[in-house]
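The values are calculated or read from the model by the stated rules, or taken from the named source; none is laboratory data. These numbers were taken from a predicted model, which means no experiment stands behind them. All Cβ positions, glycine included, derive from the backbone under ideal geometry; neighbour counts span all protein chains shown.
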Amino acid sequence: MHHLDPELLSLLALDERAGDATDMEHLRTCGTCAAEYAALRRTADAVRADPARSALVPPGPHVWAAIHGELGLDESLAQDPLAAGQPGNVDQPGTEQQKPGMLRVKRPGRTFPGAGLWLAAAAAVIIAAAGITWAVTRQAPEPAPLAATELEPLEEFSVTGTAQVVRTDEGARQLTVELSEDVAQGYQEVWLIKPDLSGLISLGTMEQQTQTFTIPAEVSLDQYPIVDVSDEPVDGDPAHSGISIVRGNLSS
């Protein structure tokens with residue numbers, strides 16, 4: 001399946017005017033793109049959040065050291081801006097000193113001096129980490145299909161779709177069927193059928209527009225190359241109803 005470009009999803013997460021009606025419809029119906037958009041939007045919202053309205057706990061100096069190293073900042077910025085005795089000191093004159101092993105929670109309405117640099121750098125690390133993880137995930141090659149076909153409508157139907165077979169890391173074969181819509185009067189069932197229609201194997205009920213089924217290890221796709229989606233009445237009869245919605249012939 002074609003997915004939205006990562007750059008477009010990033011712009012949408014930042015409230016930029018991007019994409020067209022087709023892109024918006026894809027984002028509404030594609031679970032993969034919607035999940036990526038939601039993750040990017042959460043990151044953007046976190047970066048834009050007003051620290052003055054949040055109760056913050058001063059991080060330890062090791063956190064700044066990690067940020068400093070990750071961003072390759074100048075040595076003049078190696079000192080934690082929030083460390084005691086520095087401009088970012090969280091201890092104010094006349095206030096009770098923090099006891100060893102205790103954390104003092106910042107009261108709403110007060111900000112840490114020097115927190116701007118600290119938070120900006122932290123936000124950069126968060127965005128960079130999210131971007132790297134997302135890029136690696138999106139660029140990971142999908143398994144090459146063992147076989148695939150376009151599913152064409154039969155008789156009075158106008159539904160279209162695709163079917164492809166891939167092999168999992170565990171060695172199993174999986175058939176993924178995607179249809180443009182569900183028009184069954186009863187329920188949709190997916191079958192593998194012989195070319196002369198003399199034999200057929202049910203893979204299961206299709207309950208959504210895109211669904212994956214495991215092909216039994218003993219089934220040969222050379223002998224059962226036809227993918228068929230039927231409209232089955234709720235009558236308890238396990239046989240094919242004879243009403244096929246779409247059909248296609250798998251080829252490698």
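Only residues that are surrounded by 15 or more Cβ atoms within 10 Å (Cβ to Cβ), small (Gly, Ala, Ser) and either within 30 Å of the chain's Cα centre (by Cα) or not assigned by TED's automatic domain parsing to the domain that holds residue 177 (or both): list them for region 205-252, please.
The one that is surrounded by 15 or more Cβ atoms within 10 Å (Cβ to Cβ), small (Gly, Ala, Ser) and either within 30 Å of the chain's Cα centre (by Cα) or not assigned by TED's automatic domain parsing to the domain that holds residue 177 (or both): 248.
If a residue counts only when it is over 15 Å from the mean Cα position of the chain (by Cα), basic (Lys, Arg) and at pLDDT below 75, which helices (runs of 4 or more DSSP H) contained entirely in region 1-70 have at least 1 such residues?
Numbers: elements: 6-13, 21-29, 31-48.
Ranges flagged: 31-48.
Quick check: is even one residue across region 149-168 aromatic (Phe, Trp, Tyr) and either touching an Asp or Glu at 6+ places or on another chain (Cβ under 7 Å) or without any contact (Cβ under 8 Å) to a residue 40 or more places away in the chain (or both)? Walk me through how you get there before you give the answer.
Here is the first cut: in region 149-168, the ones aromatic (Phe, Trp, Tyr) are 157.
Okay, now just the ones that are also either touching an Asp or Glu at 6+ places or on another chain (Cβ under 7 Å) or without any contact (Cβ under 8 Å) to a residue 40 or more places away in the chain (or both), so none.
Taking every residue of region 149-168 in turn, none turns out to be aromatic (Phe, Trp, Tyr) and either touching an Asp or Glu at 6+ places or on another chain (Cβ under 7 Å) or without any contact (Cβ under 8 Å) to a residue 40 or more places away in the chain (or both).
For region 212-247, which residues satisfy the criterion of being touching an Asp or Glu at 6+ places or on another chain (Cβ under 6 Å), assigned to a loop (DSSP other than H, G, I, E, B) and of a type in the set (A, V, I, L, M, F, W, C)?
243
For every residue, the table says whether it meets (1) of a type in the set (Asp, Glu); (2) at pLDDT below 90.
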site	(1), (2)
116	no, yes
120	no, yes
124	no, yes
137	no, yes
142	yes, yes
159	no, no
162	no, no
173	no, no
194	no, no
